Amino acid sequence: MIKIEDMYKIYKMGSTNVYALNGIDICIEPKEFVAIVGQSGSGKSTLMNMIGCLDKPTSGEYYLDGNRVTKMKENELADIRNNKVGFIFQSFNLLSKLSALENVELPLVYKGIGRKERYKMAHKALERVGLGDRVNHKPTELSGGQQQRVAIARALSSRPPMILADEPTGALDSKSGQEIMKMIKELNDEGKTIVLITHEHHIANQAKRIIQLQDGKVVEDSEVV
Amino acid sequence: MKWVESLRMALKSIGSNKGRASLTMLGIIIGVSAVIVMVSLVQGSTNQVTAELEAMGTNMISVTVLGRGSNRTIEVNEMLEFAMDNSDKIESVSPFISSKATAKSGSNNISTTIQGTNEAFKTVRNTDVHQGRFFNALDIERRQKVALIGSYVSQELFGTLNSVGQEIKINGEIFQVIGLIEIKSNSSQGSEDDRIIIPYTTAQRLTRNANVNTYFIQAKTSETVDSAMTAVEKFLVGIFSDTNSYRITNQADLLDQVSEITGTLTMMLGGIAGISLLVGGIGIMNIMLVSVTERTKEIGIRKAIGAKRSNILQQFLIEAVAVSCIGGIIGILFGFLLSSVIESITQIPAIPSMSIVLISFSFSAFVGVFFGWYPANKASKLNPIQALRVE
Ligand SMILES: Nc1ncnc2c1ncn2[C@@H]1O[C@H](COP(=O)(O)OP(=O)(O)OP(=O)(O)O)[C@@H](O)[C@H]1O
Ligand SMILES: [Mg+2]
């Protein structure tokens, strides 16, 4: 369970303060499917980085499954990112020198899983996203949609309970975007918590709950009917 | 994460950037091979000199009368008597006269070195005959005109090494060749094989000089060298009031001096070569810093999916160490190759020792750790959010 209390993230730009997060209170239960929407610059990515333990807030508290994340050390945060969170980015963020399989294996390497086991798990994850025949391709040898599927496989490979996707369809055409959304929905059906950032209404509407941000504040939080 | 994984990552990254990696290695390769070449050449020369010194005979003390501050010389009999009195420490004594002379046989003639000495020279200076016989006490007493000739002399005068029994003319006087001195060097002009040994009594006449200014004294054992030295010293002080009138040296002291000189030489040359290794290390640091900047995004991605600071540090550090170690190994092989090439060209023996290989390899590994640390640490400290934002 994600519990965020009165969270602020303030960037000092010269003499002015930018309130990327301006007093956020959010609670997300396990197995929810939440879409975060809002204008550009409203603080969506900043919030997601907080949830994914990539960044630390200026003030406020964050509890993940009852553990106080805001007091954790770097190594513990790394462990959470490795075990509890799977990231999917708009620009895929794959390592260009590694093959699809090696990219998917990477979280498992940091988890300390042996070579054979790792290979099996990564292969399975790639099959799962329909790329069982592309394991040895480099990211540059794949289409955008395929690259994003590799990224999904990577997010899945260490079997985290939570997937964080920052505009996963933003760089894709509508057809591949829809394929990616289908996969994300399936993951939610299997019981993973999904937090998804998007600009597009028809994508947000596929979630079960929509949180709208504006100037670092939650302005609307509603169930999708 | 196991360090094998870091090694695998490091090798992969080196492999995907071969040109740059090999240029980076070049500094280390040059440094290591320079260390190996320098040190093995010095080592080889040292061994050669030491072997030559040892071949002169061990436990040997040499006395040279310089004649400064005194007109007194030492008679051979005085010296022999002294040796008899100290027979507990002194095995034997050889008087020694050396001068240039012309040797002739038929129409062949050469200028060579004449050495006049006694029968003890055989053991004192480790000089045996290869063919024929050494002269004996009787030859000395009777001032026999007998000669032992070196292989070079034999070749030049007779065109063969089978010259025992032949006659030669030394400064116009006829000598009988009774032995061929065993080959000590490479049978060339000016070497130890270019000489004639005759009884010192005969030599005194031939050179018209009755003074013997050099004596070689053989101590009984290596343990008695020091006490023999003291005895000789005392004996000489008794004769010459001035200690500047003579010089006593012994083999061990000479060896010590040689090893001291070559030790300094090794340190100096090794140090200079070591500096080039250091420069190579700075090259590694430079390239690793560039690499960290270039791979900021990669570092961000790795951190986002769960890499700890220590994982990133390990990866970059091992990459630096791998570059310097591979460079080190290539440098060692190259150093060996270069040493043997130099050896065959200059005839200076090169002896690459295991210890210098180990030292230079571990030094290059150390250089990798030392100069890799800063960039690796920098990489590990990158903030993942900022790193991810870099294009
Ligand atoms: N490192 C930073 N330094 C200064 N300001 C920052 C920094 N990162 C984010 N901001 C500011 O914080 C605010 C929120 O940024 P954020 O990236 O969360 O927006 P977003 O909602 O994800 O926008 P978009 O839809 O364009 O991705 C923006 O005004 C941005 O300028
Ligand atoms: Mg954003």
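The values are calculated or read from the model by the stated rules, or taken from the named source; none is laboratory data. These numbers were taken from a predicted model, which means no experiment stands behind them. Positions of Cβ are generated from backbone atoms using ideal geometry, with glycine treated the same way; all protein chains shown enter the neighbour counts. Calculation scope for accessible area: heavy atoms of the full protein, side chains included, ligands and nucleic acids excluded. Shrake-Rupley method; radii C 1.70, N 1.55, O 1.52, S 1.80 Å.
Remarks
- Consider the stretch B:1-58 and keep the residues that are within 14 Å of chain A (Cβ to nearest Cβ) and hydroxyl-bearing (Ser, Thr, Tyr). The one that is farthest from residue A:109 (Cα to Cα) is B:16.
- Positions within the stretch B:244-263 being open to solvent by less than 80 Å² (accessible area, probe 1.4 Å) and assigned to a helix (DSSP H, G or I), in sequence order: B:245, B:251, B:252, B:253, B:254, B:255, B:258, B:259, B:262, B:263
Rundown of residues vs (1) in contact with a helix residue (DSSP H, G or I) (Cβ under 7 Å, 6 or more places away or on another chain); (2) open to solvent by 60 Å² or more (accessible area, probe 1.4 Å), yes/no style:
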| site | (1), (2) |
| --- | --- |
| B:6 | yes, no |
| B:28 | yes, no |
| B:37 | yes, no |
| B:51 | no, no |
| B:64 | no, no |
| B:84 | no, yes |
| B:105 | yes, no |
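- Filter result (within 16 Å of ligand 2 (Cβ to nearest atom) and away from every other protein chain (no Cβ under 14 Å)) within the stretch A:23-43: A:24, A:34, A:35, A:36, A:37, A:38, A:39, A:40, A:41, A:42
- For residue A:61, the requirement of being touching a residue at least 12 places away in the same chain (Cβ under 8 Å), out of contact with any Lys or Arg (no Cβ under 6 Å at 6 or more places or on another chain) and over 30 Å from residue A:180 (Cα atoms) is met.
- All of (1) in a strand (DSSP E or B); (2) modelled with pLDDT under 95 hold for residue A:55 with one exception: (1).
- Among the residues making up the stretch A:92-118, a single one is within 8 Å of chain B (Cβ to nearest Cβ) and within 16 Å of ligand 2 (Cβ to nearest atom): A:93.
- Residue within the stretch A:25-46 that is at pLDDT below 95 and among the charged types (D, E, K, R) present: no
Okay, residues lined up against (1) among the polar types (S, T, N, Q); (2) more than 30 Å from residue B:242 (Cα to Cα); (3) out of contact with any Ser or Thr (no Cβ under 9 Å at 6 or more places or on another chain):
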| residue | (1), (2), (3) |
| --- | --- |
| B:12 | no, yes, yes |
| B:16 | yes, yes, yes |
| B:20 | no, yes, no |
| B:31 | no, yes, no |
| B:48 | yes, yes, yes |
| B:63 | no, no, no |
| B:66 | no, no, no |
| B:74 | no, no, yes |
| B:84 | no, no, yes |
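- Every test in (1) aliphatic (A, V, I, L, M); (2) within 14 Å of chain A (Cβ to nearest Cβ); (3) buried (at least 22 other Cβ atoms within 10 Å of the Cβ) is passed by residue B:320 save one, and that test is (2).
- Count - residues of the stretch B:284-316 that are open to solvent by 30 Å² or more (accessible area, probe 1.4 Å) and away from chain A (no Cβ under 14 Å): 6
- Test: residue in the stretch A:146-167 that is within 16 Å of ligand 2 (Cβ to nearest atom) and in contact with an Asp or Glu (Cβ under 8 Å, 6 or more places away or on another chain): no
- Residue A:52 fulfils the conditions (1) more than 16 Å from ligand 1 (Cβ to nearest atom); (2) in contact with a helix residue (DSSP H, G or I) (Cβ under 7 Å, 6 or more places away or on another chain); (3) open to solvent by less than 60 Å² (accessible area, probe 1.4 Å); (4) not polar (S, T, N, Q) except for a single criterion, (1).
- Taking the criterion of being over 23 Å from residue A:64 (Cβ atoms) and more than 6 Å from ligand 1 (Cβ to nearest atom), the residues of the stretch A:17-36 that qualify are A:17, A:19.
- A count restricted to the stretch A:1-16 and to residues that are more than 14 Å from every other protein chain (Cβ to nearest Cβ), within 14 Å of ligand 1 (Cβ to nearest atom) and surrounded by 13 or more Cβ atoms within 10 Å (Cβ to Cβ) stands at 3.
- The one condition from (1) more than 9 Å from chain B (Cβ to nearest Cβ); (2) touching a Pro at 6+ places or on another chain (Cβ under 8 Å) that residue A:89 does not meet is (1).
- Residue match in the stretch A:124-142 (condition: open to solvent by 20 Å² or more (accessible area, probe 1.4 Å), facing chain B (nearest Cβ under 10 Å) and closer than 27 Å to residue B:17 by Cβ): no
- Taken together, the residues in the stretch B:39-49 that are open to solvent by less than 60 Å² (accessible area, probe 1.4 Å) and polar (S, T, N, Q) amount to 3.
- Figure legend. Inter-residue proximity from the stretch A:196-216: first residues closer than 19 Å to residue A:25 by Cα, second residues within 16 Å of ligand 2 (Cβ to nearest atom) and among the aromatic types (Phe, Trp, Tyr), beta-carbon distance below 8 Å, spacing 6+ or different chains. Indicated pairs: A:215/A:19; A:216/A:19.
- Residues of the stretch B:177-194 include at least one that is touching a Leu at 6+ places or on another chain (Cβ under 8 Å), open to solvent by less than 10 Å² (accessible area, probe 1.4 Å), assigned to a strand (DSSP E or B) and of a type outside the set (A, V, I, L, M).
- Residues (without any contact (Cβ under 8 Å) to a residue 60 or more places away in the chain and acidic (Asp, Glu)) located in the stretch B:178-214: B:182, B:192, B:193
- Conditions (1) part of a strand (DSSP E or B); (2) crowded, with 20+ Cβ neighbours inside 10 Å; number of the one not met by residue B:127: (1)
- The combined condition, being open to solvent by 50 Å² or more (accessible area, probe 1.4 Å) and in a strand (DSSP E or B), is not fulfilled by residue B:217.
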